[in-house]
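I have placed the structure first, in the form of C-alpha cells, so that the comments after it can refer back to it.
The values are calculated or read from the model by the stated rules, or taken from the named source; none is laboratory data. If you're wondering where the values come from, they're calculated on a predicted model, not measured in any experiment. A quick note on method: Cβ atoms are made from the backbone with ideal geometry, for glycine too, and the neighbour counts reach across all protein chains shown.
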C-alpha cells in the first residue's frame, strides 16, 4: 500500500522524486546525528520532509539549483521538526505539518529572488508531463478515468484527496481512497464524514466564505476529521460527533488565515488543520477525568488497533491499579455483611466485610450457640491479606459473652497492616491474647496473625475486615476489591471483585509449579522448536526483558515479535503483542493469554482484543466500520487446568485454553490450545486453529 | 379414634427409688423414617434385613470434616479409606467431594482405578503389596507408603529393574501414650528405625521420598495422641530438610477418628464421651502450624479418616423373628440379622430403635441373631419396648466396616440401598442369590449326583 501511495506521488514525476530525495536526506541526516531510532522508523521525523519535497517538486522546475534548495529545505524541515518536537512532545502534543508549512513559506515567499530557480509550468501542461512519465498507455488510462461521469460529490472528494499531494486528478484520488479504505475503515469513514461536513458547511455559509477548495478540503478538513476522529482520540460516537463540529471550526480558522496571509502573499497550506488539532488535543488533555473522548493512551498508528486495544485494556488492565489483597482466612467463610451492609457498615465505615463460618444448614454454631466456643469461626486462624508491616495492634480486650456488645472498645482486638503507604488493612474483633504479631513486624500474605474472636462491638464471633487509607484503628474505609477468590456457591473465580452478603468465599492457593513456569524472570531465555507444514524445523529463542517503564516482555530473537506480560502471584497475563503473526511467540501469546497459577479447576474467562486474532477479513472489516459505535464481533478466551497434582514433582500439568469468536451473538471456536508444564517449566504447547496445527516443544 | 394397639403382658421387677419428673420413659423413640423415607416401605420393597445408606449424611459429614480442617490449616487433603466401605457408590460420593483414595491391597487399588481415580491420587498403604502391584503403582505415580524393610528392598530392586522413580513415604509407628501401642505397622520412631529407613530412601537414587505417614490406632479417644504423632512427623520432616535439604511435601496423619458409637464396656454412651473432630483438628494443626515451617514449606496434611465420615450414614433395618423367655427369666428377641451381617456388634453396643410406634412399657432383653451359633448376639442387654414377631427395628451407625467385613455365613447377604439427596432410593448392592454363590463353585464330575455309581 505504501508503494501505491508512492506511485500516486510519482504521477507528478518530479514531485514524487523530490519527495523521495527530501525524505532520504532527512532520514540519513537524522540517523547519522543519532536521533531516536523508533521515531525515525515511525517516520515522525521525516514525514514533513516528504510533504515539503513533494510541494517543492510541484511548484518548481528541476535543476541543479532546485535540488540544492530541496536538500537545504529538507535539512531545515528536519531541524524545525526536531526543535518543535523537543518542545511539544513532552506535553504529549504532535507538531503535525507545521515544519512543512514553515519551510515551504521560507522558500516560496522569496522564490522570485532565486533567479536560477524557475517556477514550473508542468502543472499547466500536465498532459505533456504525464506523457513523459508513462507514455501513451498511462495517458490513456488517465484520460479514461478522467472521463468517468462521476457524481459531483464523489469527484470533489477524490480530487480533494489527491490535492493532499498537491495534485488534481482522479487517479491519485482513487488510489488514495482505496489505500485509505484498505488500511483503515475508520480513517476512510472519517474522511467521508469530514468531507461531507465541510461540504454542507460550505453550502450553508457560501463556498467562497468557507474557502472551499480541493486543497483545503483534503489537507485541512479531511485531515482534521482523521486526526481527531480516529487518531489522537479513541474512535467513538463522541469522536465522530466532534469531527462534524470541528470541520466548520477549522473553516473559520482557515478563512481568517487565508485573508490574513493574503496580505503577505502566503498560502496557508495545512496550518489551520495543525493548529486546530494541536489546540484540541491540548484542550482534551486538561480535563480532570476522561470518560468520553479518550485520548489514545498507546499509539499503534491504526485507529482500529487503538480502539480494540483500548476496549480490551480498559476492562482488563484497570485491575493492575490495585494492590492484590486476598481473603484473611483459610477455608470457606460466608460474608455475613458486605459493603454498605444492613447492620453496621454505614457511611464512612461502609466498605467493610464481616465473615463467619456457616455449616451446610446455614448455622454459624453448634450445640446451642450460647458460648463463643460453639461458633465455628471462633478461634480460627486469621491470616494476612497481603504483605506489609504491622502498624497497630490491640490485644487486651475481653471477648464478649454471646449476645453482648462492648461499645467502649468498639473495634475490640485489632490489627492494622500497612501494605503500601496509603493502603492499610484492618482486622477486628479478634480473640483476646491471640495476636501472634506485634507492632513493627513484617508479615507475608497468608501468615497467621491471630484468631477470630468476639471482642468489641460484636454480639457473636465474626471477623471484620476493611481496607482504609490511614493507619488509625477504625479509620474511614476505602472501596477496595479482593484480587482473586472462589465463589463457592456459583463455583466460579471472582477477580478484583467485592464479595456480597451471603457469598461463600475462599482463597485460591498458588501452585508452585505453575508459578515457576510462568514467572519468566528478566534476562532469561527459553528456546522453542516446532515444524512447519512442509516439515522444516522452526526454532525461536524468547528472551525475557524489562523495559524502561518496568514492563516485562518476551522478545522472539528470530522474528522480532514482542509479547508484553505481567504476572502477579495468582495470575499470568499477556497484555500486548507486536510483530509477526507467524511467530511461535504469537501462537503462545494466544495459547497462554491468561493463566491461573492455582490448582483450582475453575474456568478463567477473558476477552482478547479482536485485532490480535486471526479471523475472516470481510467480517472484521465490516466490524471496523461499526466498531466506534457497536462491536458485533467479540473474542472470548477461556482457560482451565485439566490435570493437576498437589506435588511440585508431578510429571506434568495440562492446561487447555480456547478462544471463541462471537459474531452477532453466534459463537464459533477460533483456536484451541493445550499447554504442558513440568518441573522445568513450560514443556510444550499445541495450538490448533482450523487446519493450522502448531506443536512447539521446549529445547533445553 | 384409632384402634388401641395390643401389647403383650410383661412382668417387671419393682424398682424403688426417688421419684423423678421424667417418669420411666426411656429413649426408645421409634425411628419410622430414614431421611424421610419410610422404614416400613423400604423393608417391604427391598426385603429384610436391609442396609440403608444416606448420601446426604455422607456429604454432610465430609463437608463438616472438610470445614473443620480447612479453616484451621491451609493445605488439607482427605483420602477415602477404602476398607471402611468400598461400595462403588459410596466411594464415588467421597471422590465427588474431592477425596483421594487410600487402599491397602491390590484389589482395593484396582477398585480405585476402576472408579476413575487417577493414579497419582491413590495412596497405597498396608503390609501386603506384591511386586506386580508395586510396579503398577509406581507406573501410575501413586503414593506408595512403605510398611517394612522387605518392602523397601523390594521397591529399590524393582525401581532399578523397571527404571522407575516411585513416589514413596514410610509409615511410622510411635508411642503416643495410648494402649495398645500399634507398633506392628511401619518403622518405629523412638528406636531410630524410621530415621534409618528415611536415610536409606534418600540415598536410593530411584526412590523419591515425598512424605511421611502414620496411623496411630483406631477409634482413638485422645486428641493428645494425635498432637504427639504430628509433632514426631514434623520433627522428622524438619530433620530431613536440615540434614538432606529435601522439603517433604506432606504428612499423612492417617485416620482413626472415632464415630459416636459406644464401645463395648464403655460406661457412658459414645455421644457423650467421644471428643469432637474439632478437638482432633486443633491438636493436629496447632502442632504443625506452631512447628516453624515457612508458609511455602508447610506440608500438605493428608487425612485418611473412614469411620468418622460414614458410620452414622449407615442404618440396618431388620425384623423380629421371634421372642422367647430364657431359663433365667430374661426376655430374648431373635432378629433376622446377626453377627454375619452386623459384624461390628462384636465391638459396639449399637443403638437399636423400634421402627414403628410402640407403647411406653419396656423390658430388658437380649437381642440374638438368626444364626445357629451361640456367639451370635447383637446386644447382650438392652432395654426395648415389648417387641413382637414381625416388628421392625433400626440399628444406627453401621456405615463403617460392616459392608466390607460381613460374612456370607448361613444366610445370604442382603440388599444395600442408598437414599440420595433428593430422597430417591437406589439399590447399590443387590442381595446375594443362590446363582451368585453357585457361580463360584465347581463340583467335580463324580460328585454331581447323590447316588454313587
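When you look at residue A:474, is it assigned by TED's automatic domain parsing to the domain that holds residue A:350 and out of contact with any strand residue (DSSP E or B) (no Cβ under 7 Å at 6 or more places or on another chain), yes or no? Against the criterion (assigned by TED's automatic domain parsing to the domain that holds residue A:350 and out of contact with any strand residue (DSSP E or B) (no Cβ under 7 Å at 6 or more places or on another chain)), residue A:474 qualifies. If you go through segment B:185-231, how many residues are assigned to a loop (DSSP other than H, G, I, E, B) and more than 20 Å from the chain's Cα centre (by Cα)? Summing the residues that are assigned to a loop (DSSP other than H, G, I, E, B) and more than 20 Å from the chain's Cα centre (by Cα) in segment B:185-231 gives 10.
Just to be sure I understand, how many residues within segment B:328-343 are assigned to a strand (DSSP E or B) and under 24 Å from the mean Cα position of the chain (by Cα)?
1
Just one of (1) more than 14 Å from every other protein chain (Cβ to nearest Cβ); (2) more than 28 Å from residue A:569 (Cβ to Cβ); (3) without any contact (Cβ under 8 Å) to a residue 12 or more places away in the chain fails for residue B:245. It is (2).
Say whether the condition of being farther than 23 Å from residue A:604 by Cα and surrounded by 14 or more Cβ atoms within 10 Å (Cβ to Cβ) is met by at least one residue in segment A:565-576. No. In summary, strands (runs of 3 or more DSSP E) completely within segment B:357-443 and bearing 1 or more residues that are in contact (Cβ under 8 Å) with a residue 24 or more places away in the chain and crowded, with 19+ Cβ neighbours inside 10 Å occur at B:362-368, B:377-385, B:392-395, B:416-419.
Which residues, counting only those in segment A:372-386, are touching a residue at least 40 places away in the same chain (Cβ under 8 Å) and either within 13 Å of another protein chain (Cβ to nearest Cβ) or in a loop (DSSP other than H, G, I, E, B) (or both)? Those that are touching a residue at least 40 places away in the same chain (Cβ under 8 Å) and either within 13 Å of another protein chain (Cβ to nearest Cβ) or in a loop (DSSP other than H, G, I, E, B) (or both): A:375, A:377, A:378, A:379, A:380, A:381, A:382, A:383, A:384, A:385, A:386. Restricting attention to segment B:59-73, the residues that are in contact with a strand residue (DSSP E or B) (Cβ under 9 Å, 6 or more places away or on another chain) and either over 18 Å from residue B:301 (Cα atoms) or in a helix (DSSP H, G or I) (or both) total 6. Residue B:250 meets each of the listed conditions (1) in contact with a strand residue (DSSP E or B) (Cβ under 9 Å, 6 or more places away or on another chain); (2) more than 14 Å from every other protein chain (Cβ to nearest Cβ); (3) at pLDDT 90 or above apart from (2). Listed by first and then second residue, the pairs linking a residue in segment B:9-35 that is at pLDDT below 70 to a residue that is assigned to a loop (DSSP other than H, G, I, E, B), with Cβ atoms under 8 Å apart and 6 or more places separating them unless they lie on different chains, are B:24/B:360; B:25/B:360.
Conditions tested, residue by residue: (1) modelled with pLDDT of 95 or more; (2) surrounded by 19 or more Cβ atoms within 10 Å (Cβ to Cβ).
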position	(1), (2)
A:342	no, no
A:365	no, yes
A:371	no, no
A:383	yes, yes
A:390	yes, yes
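Looking across segment B:102-139, the residues that are within 14 Å of chain A (Cβ to nearest Cβ) and either assigned to a loop (DSSP other than H, G, I, E, B) or in contact with a helix residue (DSSP H, G or I) (Cβ under 6 Å, 6 or more places away or on another chain) (or both) come down to B:116, B:117, B:118, B:122. When we screen A:354, A:340 for residues that are assigned to a strand (DSSP E or B) and under 42 Å from the mean Cα position of the chain (by Cα), the only hit is A:354. Considering A:369, A:331, the condition of being part of a loop (DSSP other than H, G, I, E, B) and within 14 Å of chain B (Cβ to nearest Cβ) is satisfied by A:331 alone. Against the definition (surrounded by 14 or more Cβ atoms within 10 Å (Cβ to Cβ), outside the structural domain of residue A:97 (by TED's automatic domain parsing), touching a helix residue (DSSP H, G or I) at 6+ places or on another chain (Cβ under 8 Å) and touching a residue at least 12 places away in the same chain (Cβ under 8 Å)), how does residue A:303 come out, yes or no? Taking the combined requirement at face value, the residue satisfies it. Would you mind stating whether residue B:159 is away from chain A (no Cβ under 12 Å), surrounded by fewer than 24 Cβ atoms within 10 Å (Cβ to Cβ) and touching a residue at least 24 places away in the same chain (Cβ under 8 Å)? It is true that residue B:159 is away from chain A (no Cβ under 12 Å), surrounded by fewer than 24 Cβ atoms within 10 Å (Cβ to Cβ) and touching a residue at least 24 places away in the same chain (Cβ under 8 Å). For segment A:497-530, the tally of residues that are part of a strand (DSSP E or B) and at pLDDT below 90 stands at 1.
Residue selection: residue B:346 satisfies the criterion of being more than 24 Å from residue B:233 (Cα to Cα), surrounded by fewer than 17 Cβ atoms within 10 Å (Cβ to Cβ) and within 26 Å of the chain's Cα centre (by Cα). The criterion of at least 2 residues that are away from chain B (no Cβ under 14 Å) and surrounded by fewer than 21 Cβ atoms within 10 Å (Cβ to Cβ) is met by the following strands (runs of 3 or more DSSP E) wholly inside segment A:582-700: A:604-607, A:633-643, A:653-663, A:666-678, A:681-689, A:692-699. Inside segment A:551-569, residues that are in a loop (DSSP other than H, G, I, E, B) and either out of contact with any helix residue (DSSP H, G or I) (no Cβ under 9 Å at 6 or more places or on another chain) or modelled with pLDDT of 90 or more (or both) make up a count of 6. In segment A:64-111, which residue that is in contact (Cβ under 8 Å) with a residue 60 or more places away in the chain and not in a loop (DSSP other than H, G, I, E, B) is surrounded by the most Cβ atoms within 10 Å (Cβ to Cβ)? Looking at the filtered set, the residue picked out is A:100. Being more than 14 Å from chain B (Cβ to nearest Cβ), modelled with pLDDT of 90 or more and surrounded by 16 or more Cβ atoms within 10 Å (Cβ to Cβ) is a description that does not apply to residue A:451.
Let's see how each residue does on (1) more than 14 Å from chain A (Cβ to nearest Cβ); (2) at pLDDT 95 or above; (3) over 17 Å from residue B:254 (Cα atoms):
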residue: B:176; (1), (2), (3): yes, no, no
residue: B:184; (1), (2), (3): yes, no, no
residue: B:190; (1), (2), (3): yes, no, yes
residue: B:195; (1), (2), (3): yes, yes, yes
residue: B:205; (1), (2), (3): yes, no, yes
